[in-house]
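Peer 1: Below is the structure I would like to discuss, written out as structure tokens.
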Amino acid sequence: TVYEVDLARDDMRSLFKSRVSVARLSVSSSGAVVACSGQEVVVWRPGWAEPRRIPCGRVIKDVCVLDEQGCVAAGDDRGELSLWYGALEEGPSEQVRATLMHWHASAVRALCASAEG
């Protein structure tokens, strides 16, 4: 389970549950939360009743929210980088567009968003 903790109010609430253990978690400045658990990426934004679950078919090693581009990035155990455009927008999952890139000879173990892209 992924929780939101408000230290000022000494409050905690559940955002969403994962089917398997959460391996990595990324939180954006807009409040979007992205987690990877096994072969699934889970996206949640403030105001959403339910998270968006994106099945990947491969083991995801790290995730990152790219607010400026409006997408979610994930690196996997095969060295591929996946980008999901529209994943941060509420609506049907059919609107999410995926791009797959093969950049690395080994697993992508860390991702980070920067001002330079």
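Peer 1: Residue by residue, what Karplus-based ³J(HN,Hα) values in Hz, rounded to whole numbers, does the stretch 39-55 have, using 6.51, -1.76 and 1.60 with θ = phi - 60° and x for Gly and Pro?
Peer 2: 9, 9, 10, 10, 10, 9, 10, x, x, 7, 6, 10, x, 8, 10, 10, x
Peer 1: Provide the per residue accessible area, probe 1.4 Å, for the chain, rounded to a whole number of square angstrom.
Peer 2: Here the per-residue accessible area is 60 Å².
Peer 1: Treating the stretch 64-117 as a set of equal point scatterers at the Cα positions, no solvent, please give the Debye-formula log₁₀ I(q)/I(0) at q = 0.17, 0.18, 0.31 Å⁻¹.
Peer 2: -0.55, -0.61, -1.18
Peer 1: Return one quarter of the surface area of the convex hull spanned by the alpha-carbon atoms of the chain, equal to its mean projected area, in nm². Display every interim value, and only then the final one.
Peer 2: Details: hull surface 30.5 nm².
Answer in nm², one decimal: 7.6.
Peer 1: Could you order Arg9, Arg52, Arg24 by accessible surface area, starting with the largest, using a probe radius of 1.4 Å?
Peer 2: Sorted descending by solvent-accessible area, the residues read Arg9, Arg24, Arg52.
Peer 1: When only Cα pairs under 8 Å and 6 or more residues apart are kept, what is the percent relative contact order across the stretch 45-94?
Peer 2: 28
The values are calculated or read from the model by the stated rules, or taken from the named source; none is laboratory data. Remember, it's a predicted structure, so these values are computed and weren't measured experimentally. Quick note on the areas: whole protein, heavy atoms, side chains included, nothing else; ligands and nucleic acids left out. Shrake-Rupley method; radii C 1.70, N 1.55, O 1.52, S 1.80 Å.
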